[in-house]
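Chemist: If you scroll down you'll find the structure; I have some questions about it.
The values are calculated or read from the model by the stated rules, or taken from the named source; none is laboratory data. As the structure is a computational prediction, the values presented were derived from the model and not from experiment. Ideal geometry is used to build each Cβ from the backbone, glycine not excepted, and the neighbour counts take in all protein chains shown. Each accessible area value is taken on the protein alone, full model and side chains, heavy atoms only, with ligands, DNA and RNA left out. Shrake-Rupley method; radii C 1.70, N 1.55, O 1.52, S 1.80 Å.
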Amino acid sequence: MRIAMIGSGYVGLVSGACFADFGHDVICVDKDPGKIEALQEGRIPIFEPGLDALVDDNVRQGRLSFTTELAAAVSGADAVFIAVGTPSRRGDGFADLSFVYAAAREIAGAITGYTVVVTKSTVPVGTGDEVERIIRESAPEAEFAVVSNPEFLREGAAINDFKRPDRIVIGTEDDRAAAVMNEVYRPLYLNAAPILVTGRRTAELTKYAANAFLATKITFINEIADLCEQVGANVQEVARGIGLDNRIGKKFLHAGPGYGGSCFPKDTLALVKTAQDHGAPIRIVETVVAVNDQRKRAMARKVIAACGGSVRGKTIALLGLTFKPNTDDMRDAPSLSIAAGLQDAGARVRAYDPEGVDQARPLLSDVTYADDAYHCAEGADALVIVTEWNAFRALDFARLRASMSEPVLVDLRNIYSRSVVEQHGFRYSSIGIA
């Protein structure tokens, strides 16, 4: 099938490369000439394990190409995916849909023959209705259907998630469009991937509901962790105790410094705004958003407490800056609030991240960047594990102890046990373990 992917960011590039790997003919479109030039030269603008090889292979096989020309890509396509950004809008936090609607207007002028226009971007309920109205108004004679097909990709594991999905949600009331979408995803039949065909509005809401539920689960265990510290309990054991219940499940029950990234912060906020606009406020999600925002700043206070109540004039070393490992994404990363909180308290901040430094530089001021974890720790008064990269899971504590000014380890991801750290002479602080 011929597929046009409008937007070559994280979702568009991963989806386009995976569709091409299925055997479809895919053209990825982007307005940014620099990004398209880089992709044409084999340079991938984001870090995602395995993506560079996947793109290279499918470009070489002639199934994947890149362009700035939307009209040429859309003309003759069986399916056109809108995968542009929907950032939180300044002022009210609602999803900014200007890029989606602009894409719809351009698509309308390029459609030839029956075309399924697929909203892949995460959008509020009712966006598909507006996309359909825009195309119908701009091209009254066009044969098309608008479908919602939300993505459920985890950064760092996106290719596996695309090829082995928990589910594929297709939102349409049009049988012809459903048939096209089934053909698009037909290669996944071998993996018995469940395809859920729903109404378009239901599909749009499903994406937001899924992310809000996971964000709620994370925030719940983080608050339980705070209680554990006060009553002398162990949050890791609590999480295991409840996670073994099949009704709850063990995933997303790892206490930490709060969620970040490109999805949970903006999607929870957008869901809150949508619910308020429709007179059906979601108080649980409103609280999740508030608690998570407060938690990130509280992690700086936790570091200050571990340093004896003051960090003025001290050097604090941060290991990990991205919101999670195996990505270079710094959007709403807890490290941003932690670094700012420590600097406000008078600390000098040094940091190291295996992939995120280039993305962090424009977002963090007055931070010194190190070449590796040990360089980062030299002369530091405290070492803080912010992101659980594999490179930080087997640190040489004797080497760290010898190079640091003070032997303080603040483990915000609970990747070490207290006994192991303390036997090397460190003072240890973790999350939810008294």
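Chemist: Can you pull out every residue in the stretch 68-87 that is open to solvent by less than 20 Å² (accessible area, probe 1.4 Å) and either farther than 30 Å from Ala290 by Cβ or at pLDDT 95 or above (or both)?
Modeler: Leu70, Ala73, Val74, Ala77, Ala79, Val80, Phe81, Ile82, Ala83
Okay, residues lined up against (1) modelled with pLDDT of 95 or more; (2) open to solvent by 20 Å² or more (accessible area, probe 1.4 Å); (3) in contact with a Leu (Cβ under 9 Å, 6 or more places away or on another chain):
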| site | (1), (2), (3) |
| --- | --- |
| Val184 | yes, no, no |
| Glu204 | yes, no, no |
| Phe220 | yes, yes, yes |
| Ala225 | yes, no, no |
| Cys228 | yes, no, no |
| Leu244 | yes, yes, no |
| Gly258 | yes, no, no |
| Thr268 | yes, no, no |
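Chemist: Pick from Ala333, Ala360, Ala340, Ala345: which is modelled with pLDDT of 95 or more, closer than 23 Å to Pro265 by Cα and open to solvent by 20 Å² or more (accessible area, probe 1.4 Å)?
Modeler: Ala340
Chemist: Considering only residues that are open to solvent by less than 10 Å² (accessible area, probe 1.4 Å) and assigned to a strand (DSSP E or B), look in the stretch 7-29 and name the one that is nearest to Glu106 (Cα to Cα).
Modeler: Checking each candidate, the answer is Val29.
Chemist: Let me ask another. Please pick out the residue among Lys296, Lys314 that is touching a residue at least 40 places away in the same chain (Cβ under 8 Å), open to solvent by less than 30 Å² (accessible area, probe 1.4 Å) and among the charged types (D, E, K, R).
Modeler: Exactly one of Lys296, Lys314 is touching a residue at least 40 places away in the same chain (Cβ under 8 Å), open to solvent by less than 30 Å² (accessible area, probe 1.4 Å) and among the charged types (D, E, K, R), namely Lys296.
Chemist: For the stretch 155-188, name all the residues that are in a helix (DSSP H, G or I) and under 21 Å from the mean Cα position of the chain (by Cα).
Modeler: Ala158, Ile159, Asn160, Asp161, Phe162, Lys163
Chemist: From Arg90, Arg105, grab the single residue that is under 25 Å from the mean Cα position of the chain (by Cα) and open to solvent by 10 Å² or more (accessible area, probe 1.4 Å).
Modeler: When all the criteria are applied, what remains is Arg90.
Chemist: Among the residues of the stretch 260-298, write down those that are under 28 Å from Thr387 (Cα atoms), among the polar types (S, T, N, Q) and over 19 Å from the mean Cα position of the chain (by Cα).
Modeler: Thr287, Gln294 - these are the residues of the stretch 260-298 that are under 28 Å from Thr387 (Cα atoms), among the polar types (S, T, N, Q) and over 19 Å from the mean Cα position of the chain (by Cα).
Chemist: Looking at the stretch 108-141, which of the residues that are hydrophobic (A, V, I, L, M, F, W, C) and open to solvent by 20 Å² or more (accessible area, probe 1.4 Å) is nearest to the chain's Cα centre (by Cα)?
Modeler: Val125
Chemist: Scan the stretch 405-414 residue by residue and report those that are open to solvent by less than 40 Å² (accessible area, probe 1.4 Å) and within 21 Å of Glu378 (Cβ to Cβ).
Modeler: Answer for the stretch 405-414, where residues must be open to solvent by less than 40 Å² (accessible area, probe 1.4 Å) and within 21 Å of Glu378 (Cβ to Cβ): Pro407, Val408, Leu409, Val410, Asp411, Leu412.
Chemist: Something else now. So which residues in the stretch 45-67 are open to solvent by less than 50 Å² (accessible area, probe 1.4 Å), over 13 Å from Thr327 (Cα atoms) and aliphatic (A, V, I, L, M)?
Modeler: Leu54, Val55, Leu64
Chemist: Here's a follow-up. Can you pull out the residues in the stretch 420-434 that are within 17 Å of Glu229 (Cα to Cα) and open to solvent by 10 Å² or more (accessible area, probe 1.4 Å)?
Modeler: Arg427, Tyr428, Ser429, Ile433, Ala434
Chemist: Could you count how many residues in the stretch 385-433 are part of a loop (DSSP other than H, G, I, E, B), under 23 Å from Ile218 (Cβ atoms) and among the polar types (S, T, N, Q)?
Modeler: Qualifying residue count, the stretch 385-433: 4.
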